Every structure is written in structure tokens, then in C-alpha cells.
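A short worksheet on the structure shown next.
The values are calculated or read from the model by the stated rules, or taken from the named source; none is laboratory data. Predicted, not measured: the structure shown is a model, and the values here were computed from it. Positions of Cβ are backbone-derived with ideal geometry, glycine not excepted, and every protein chain shown enters the neighbour counts. Heavy atoms of the whole protein, side chains included, go into the accessibility calculation; ligands, DNA and RNA do not. Shrake-Rupley method; radii C 1.70, N 1.55, O 1.52, S 1.80 Å.
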Amino acid sequence: MVKSMQEMRDGDYYGAWCNFERMEIAIDGLRSNAFFEGGEFEIAKLSKQVKFWQGIFPYKVFMSPEFVIKKATCSICKAIVDPWEKCDHKVGKVYSGEMCCRVIEEANFLSISIVLDPVQKYSVAFVRDESGNDQFNYSVVKFVVDRISSPFGQWSYKLEKAYHSHTFFSEIDPTDSCPCGSGRQYLSCCLLRPGVIRPHYQIAFKVAPPADVPTAMFLGYK
């Protein structure tokens, strides 16, 4: 968590994202072992915070590769594992200090799919400009990073929809598409309402942010 926090402060959001996935995998591995107590070291709280961090990242589309595994072995006993042969070791279990996994030694690549709920979260489908620069909007992540009390500070969020003042959309012509994304004209949609209905993050910190930082932000609509 400390490393992820530093990476986010340095602007390396993808690096932090990958570390959150590593934490998620490590925590799931701990839960599958009999020597682990759920309340020990506040792992449950850490797991919840990892989920919150992942939830505010702008990554929503991922690439999922498809392979035909021709040969896989057990990392513990090196035995071949396939539909006909297997060993007694279970993936995720720790044996004499080593976690069991499957080592893919031979495989054929088949295809890549675009998915919303990936097995491996590191395979982000990036949006980049002509110069190769990341075009994702990390405003929400930065908002939390700038206000969290420590790498292990507790916070939560709720994603809902709320009215955003029309003053935020003064450059939009009434005949243009409504900023809410409905596809209708602004004048016949949200312009008739108290504001534009847009996604809204309601973020709560267990320890209040410093008094000199704003407690609200407008994310824009593009």
C-alpha cells in the first residue's frame, strides 16, 4: 500500500494499479491457507481499501488473451498437471513457505478479447494520443490521494448521480447534445432541470482532510 501511494503521488497511476492487483492476489492467497486468521493484521480492512482504490480508477475496458495450455507443471513438486495427470498440491496453498501455482511451460496463443471484468487487471486497454501519452482522467484518484491521511488511511465512496450546476456547462449551446449523455438536445433535456444529471462520487474520509484543501471537485463531462 505504501508503494502504491507513492506511485500515485508521483503520477505513476498504472504502476499503482498493478500493485493493487498484486495485493488483491496476495490477500486471496492468504485467505486460502489454514494458518491465516481473518482479523489478523487488519487484512479485511486492507482488502476493502484495495477495492475502493480500484473502484475509482478510470480503467473500465481490458484485454483478455486466450491460450491453449500444452504443458503445465506444479511449482511445488514439478509434476505435470493436465486433465489426465495431477498432483496433490492445490493452487494458492502454502507448502513449507512456498505458495503453489501452475507453471505454464508450453502454450499456443489463440486470440485477444475485449472484456469488462478481466481475470488479470493489469491488461488495461489504454487510450493514448498521437504522441503515446495516456489520456485517462485520474482526477478522482488524485482527489483522494491529496486528502488521505496516510497510505493506510480509511476512506470510502459511493457512486451515484446528482445535479451539476448549469454554470459548469455555459459553453454548451442549447441545441447541442446534453452533457448528461442522453443523446437528446440540451434544451429539451437537462436544461429544463435544476442542473445536469451527471455521475457523482460521494467520498468520505475516516480522518478529515487538511483544512486548506477543497472538499469537493467538478470532474467535467468530456
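Eight or more residues apart or on different chains, and alpha-carbon atoms under 26 Å: count the Lys pairs in the stretch 88-193 matching that.
Qualifying lysine pairs in the stretch 88-193: 6.
Can you tell me the dipole magnitude for the stretch 1-149 around its Cα centre, using point charges on the Cβ only (Lys, Arg +1; Asp, Glu -1), in Debye to the nearest 20?
For this selection, approximately 260 debye.
Under a 1.4 Å probe, what is the accessible area of the chain per residue, stated in Å²?
With all protein chains present, the chain gives 63 Å² per residue.
Between the stretch 169-195 and the stretch 68-112, what is the C-alpha centre distance in whole Å?
Cα centroid to Cα centroid, the span is 55 Å.
Rounded to the nearest percent, how much of the accessible area of the chain (1.4 Å probe, protein heavy atoms only) is carbon and sulfur?
Looking at the chain in its full context, I get 55 percent from C and S.
So what are the ³J(HN,Hα) numbers for the stretch 153-166, from phi and the Karplus equation (6.51, -1.76, 1.60; θ = phi - 60°), rounded to whole Hz, Gly and Pro as x?
x, 8, 8, 8, 8, 9, 9, 9, 10, 8, 6, 10, 3, 5
As a test of reading the structure, rank 46, 159, 191 by solvent-accessible area (1.4 Å probe, protein chains only), most first.
159, 191, 46
Would you work out the relative contact order for the stretch 138-208, in percent, from Cα pairs under 8 angstrom that are 6 or more residues apart?
42
Collect residues whose amide H, placed 1.01 Å from N in the peptide plane, falls under 5 Å from the amide H of residue 200; neighbours closer than 5 in sequence don't count.
So residue 200 has HN proximity to 160, 161, 162.
Using only the alpha-carbon atoms of the stretch 147-212 as identical scatterers, what base-10 log of I(q)/I(0) does the Debye formula give at q = 0.15, 0.21 Å⁻¹?
After summing over all Cα pairs, the log10 values are -0.60, -0.79.
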